[in-house]
Amino acid sequence: MKKKSTKRQKAKKPATPLQNQKTSDLKDRRAFFNRVAWIGAGVVVAGGATFFGTRSVRAKIAEFDLERIGNGVPAVVQIHDPSCPTCTALQRQARRAMKNFEEDELIYLVADISTTQGRAFASRFGVPHVTILLFDDKGSHEATMQGMRQADELRTAFEDLLN
């Protein structure tokens, strides 16, 4: 059997209204700064997404600008049908091959045959989709590559265009 303690426990003093207010203010401030931190992080993420999204859209617009052919930089133009799986695979391979080249030495363009401009461009050269046309820096048509090609073969053709 346990012996009861004879010590008297000190009674806790009830908190004064001032102490309660300080604790409450501290919690409110902490919550406020947490919200500010989350809002700040959200702004940074949204800003970054906007920056990279805008950059991506600009790159896409430039990629479809066939007026860039003959502007002093050799060009690779893919005749492309967005609903064609082979065209999409060829585009993937062409982009892999283009990673070895800077924008100021060789440009990659797309003639989308689902657009009026893309169809007219393909018709002018008498080629179907799944085709890559190579142009020198003055805009002269140098070569035509029809059908599916792998990145290594495309890279070699692109290098030959530059030489």
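For residues that are in a helix (DSSP H, G or I) and open to solvent by 30 Å² or more (accessible area, probe 1.4 Å), tally how many sit in region 146-160.
Our first condition is that a residue be in a helix (DSSP H, G or I); within region 146-160, this holds for 151-160.
Narrowing the set further to residues that are open to solvent by 30 Å² or more (accessible area, probe 1.4 Å) leaves 152-153, 155-156, 159-160.
Result for region 146-160: 6.
Which condition number does Asn34 fail, the rest of (1) farther than 19 Å from Ile132 by Cα; (2) outside any helix (DSSP H, G or I); (3) modelled with pLDDT of 70 or more; (4) of a type in the set (S, T, N, Q) being met?
All conditions are met except number (2).
Taking Ala75, is it in contact with a Lys or Arg (Cβ under 6 Å, 6 or more places away or on another chain) and in contact (Cβ under 8 Å) with a residue 24 or more places away in the chain?
Numbers: in contact with a Lys or Arg (Cβ under 6 Å, 6 or more places away or on another chain): no; in contact (Cβ under 8 Å) with a residue 24 or more places away in the chain: yes.
Here the answer is no, as Ala75 does not meet what is asked.
Restricting to region 64-75, name every residue that is open to solvent by less than 30 Å² (accessible area, probe 1.4 Å) and within 21 Å of the chain's Cα centre (by Cα).
Within region 64-75, none qualify.
From the list Gln93, Gln78, pick out the single residue that is closer than 14 Å to Glu63 by Cβ, at pLDDT 95 or above and either open to solvent by less than 30 Å² (accessible area, probe 1.4 Å) or more than 20 Å from the chain's Cα centre (by Cα) (or both).
Numbers: Gln93 fails: closer than 14 Å to Glu63 by Cβ.
Residue meeting the stated conditions: Gln78.
Within region 130-145, can you find the residues that are free of Cβ contacts under 8 Å to residues at least 60 places away in the same chain, under 29 Å from the mean Cα position of the chain (by Cα) and in a strand (DSSP E or B)?
Thr131, Ile132, Leu133, Met145 - these are the residues of region 130-145 that are free of Cβ contacts under 8 Å to residues at least 60 places away in the same chain, under 29 Å from the mean Cα position of the chain (by Cα) and in a strand (DSSP E or B).
Mind checking which pairs have a first residue in region 111-129 that is β-branched (Val, Ile, Thr) and a second that is surrounded by 12 or more Cβ atoms within 10 Å (Cβ to Cβ), Cβ under 6 Å, 6 or more apart or different chains?
Matching pairs, first to second residue: Ile113/Asp81; Ile113/Arg119; Ile113/Ala122; Ile113/His129; Val127/Ile79.
Go through region 110-127 and report how many residues are surrounded by 13 or more Cβ atoms within 10 Å (Cβ to Cβ) and either of a type in the set (Asp, Glu) or more than 14 Å from Ala94 (Cβ to Cβ) (or both).
Residues meeting the conditions: 10.
Only one of these conditions is not met by Glu102: (1) more than 18 Å from the chain's Cα centre (by Cα); (2) exposed (fewer than 14 other Cβ atoms within 10 Å of the Cβ); (3) modelled with pLDDT of 75 or more. Which number is it?
Every listed condition holds for Glu102 apart from (1).
The values are calculated or read from the model by the stated rules, or taken from the named source; none is laboratory data. No experiment lies behind these values; they were computed from the predicted model shown. So basically every Cβ, Gly included, is an ideal-geometry build from the backbone, and we count neighbours across all protein chains shown. Just so you know, the surface numbers come from the protein's heavy atoms only, side chains and all, with ligands and any DNA or RNA stripped out. Shrake-Rupley method; radii C 1.70, N 1.55, O 1.52, S 1.80 Å.
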